[in-house]
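The values are calculated or read from the model by the stated rules, or taken from the named source; none is laboratory data. All values reported here derive from a predicted model rather than from experimental measurement. Don't worry about glycine lacking a Cβ; one is built from the backbone with ideal geometry, like all the others, and counts go over all protein chains shown.
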């Protein structure tokens with residue numbers, strides 16, 4: 001993996017060279033911030049915005065599609081593996097600010113128009129004491145959680161693994177037990193611990209396949225993977241995670257914590273919570289220090305230099321793009337033309353496709369420039 005040192009102490013750790021992903025990352029008066037992208041993380045049309053000092057963003061093996069991630073000073077955003085972000089309709093917005101964090105586990109479904117934020121945006125005070133009463137609070141979303149269309153998740157929400165949030169719901173302060181159905185404004189527990197859900201879409205299944213899913217056997221692996229039970233040995237309490245993260249002042253330490261304690265933690269019931277479980281004040285079970293053993297290639301990026309990139313470092317999709325450069329250029333023109341003469345959702349779709357083709361053209365230009373620079377140096 002590459003560790004690219006940017007100006008103002010900002011660092012990006014990624015499988016691809018920074019030149020190939022920099023258009024998806026923006027630093028806004030940010031200093032000493034760290035972004036970690038897992039080997040199969042795909043930013044697609046997604047954007048990562050980082051503000052302030054010592055913010056940290058950790059993206060697992062997930063396709064962000066059109067999601068917008070906002071991490072402000074001292075805060076963290078963590079998204080695990082195989083999180084589905086619906087690329088149609090309104091894009092998802094995830095914002096962590098005010099030393100509060102957003103933690104999202106593995107294999108979650110995020111429908112259209114999802115909004116997750118740790119802040120009320122504006123400041124609210126008690127008139128008598130003149131003290132602020134709406135401080136920012138962290139959000140924790142467990143593994144295998146389904147957020148329906150236009151669900152809003154606000155500060156202090158702790159959604160356990162296996163939960164479903166019905167479309168249009170507003171989930172805020174409170175701990176919601178595993179395998180529960182949440183619905184309403186504000187969201188209430190409609191069925192506690194009695195449901196589970198599977199990811200296959202019913203309209204993609206044949207009659208025979210639908211018959212298989214009519215009822216599942218207890219021994220079925222899909223059933224076991226979708227059901228969670230709170231266990232003291234595996235559980236990571238939200239308050240403990242929050243307290244531990246708040247003790248870390250440097251963004252790199254936060255990324256190392258997220259890598260070792262969450263990304264490398266495969267415990268099935270780690271985010272299966274219950275109200276009766278008490279926090280320990282930040283004590284997290286010890287685990288292997290895997291982050292310190294990562295093999296990183298250190299590079300430095302400035303506006304005036306282009307890092308040379310060898311063929312052995314190219315990903316298969318980049319090599320395919322080089323071979324199909326003419327086709328990508330034609331598709332960019334084609335989608336641009338269709339976006340002019342289309343209306344509504346089709347116009348948005350064609351514009352999105354055009355933006356995607358433009359990114360590939362930019363990536364191809366970067367690769368070609370790197371090779372030309374390398375050849376010039378060798379000659």
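Assorted remarks:
- Exclusive hit being modelled with pLDDT under 75 and surrounded by fewer than 16 Cβ atoms within 10 Å (Cβ to Cβ), set 280, 297, 305, 366: 305
- Scoring residue 107 on the criteria (1) modelled with pLDDT under 95; (2) at positive phi leaves a single failure, condition (1).
- Of the residues in segment 143-157, not one is outside any loop (DSSP other than H, G, I, E, B), over 21 Å from residue 77 (Cβ atoms) and assigned by TED's automatic domain parsing to the domain that holds residue 266.
- Exactly one residue out of 241, 216 is surrounded by 12 or more Cβ atoms within 10 Å (Cβ to Cβ), over 30 Å from residue 72 (Cα atoms), in the same structural domain as residue 173 (by TED's automatic domain parsing) and touching a helix residue (DSSP H, G or I) at 6+ places or on another chain (Cβ under 8 Å), and it is 216.
- Within segment 123-160, restricting attention to residues that are in contact (Cβ under 8 Å) with a residue 60 or more places away in the chain and in contact with a helix residue (DSSP H, G or I) (Cβ under 9 Å, 6 or more places away or on another chain), the residue that is surrounded by the most Cβ atoms within 10 Å (Cβ to Cβ) is 144.
- Looking only at segment 168-212, and only at residues there that are in contact (Cβ under 8 Å) with a residue 40 or more places away in the chain and assigned to a loop (DSSP other than H, G, I, E, B), the one that is farthest from residue 230 (Cα to Cα): 199
- Filtered by the rule that a residue be surrounded by fewer than 24 Cβ atoms within 10 Å (Cβ to Cβ) and either in contact with a helix residue (DSSP H, G or I) (Cβ under 8 Å, 6 or more places away or on another chain) or part of a loop (DSSP other than H, G, I, E, B) (or both), segment 93-104 gives 97, 98, 99.
- Every condition in (1) buried (at least 19 other Cβ atoms within 10 Å of the Cβ); (2) within 23 Å of the chain's Cα centre (by Cα) holds for residue 246 except the one numbered (1).
- Of everything listed in (1) surrounded by fewer than 22 Cβ atoms within 10 Å (Cβ to Cβ); (2) farther than 29 Å from residue 230 by Cα; (3) in contact (Cβ under 8 Å) with a residue 40 or more places away in the chain; (4) in contact with a strand residue (DSSP E or B) (Cβ under 8 Å, 6 or more places away or on another chain), the single unmet condition for residue 67 is (1).
- Here segment 55-67 is the region considered, the condition is being at pLDDT below 95 and either part of a strand (DSSP E or B) or in contact with a helix residue (DSSP H, G or I) (Cβ under 9 Å, 6 or more places away or on another chain) (or both), and the residue that is nearest to residue 355 (Cα to Cα) is 66.
- Count - residues of segment 79-92 that are farther than 18 Å from residue 268 by Cα and either modelled with pLDDT of 95 or more or in a strand (DSSP E or B) (or both): 2
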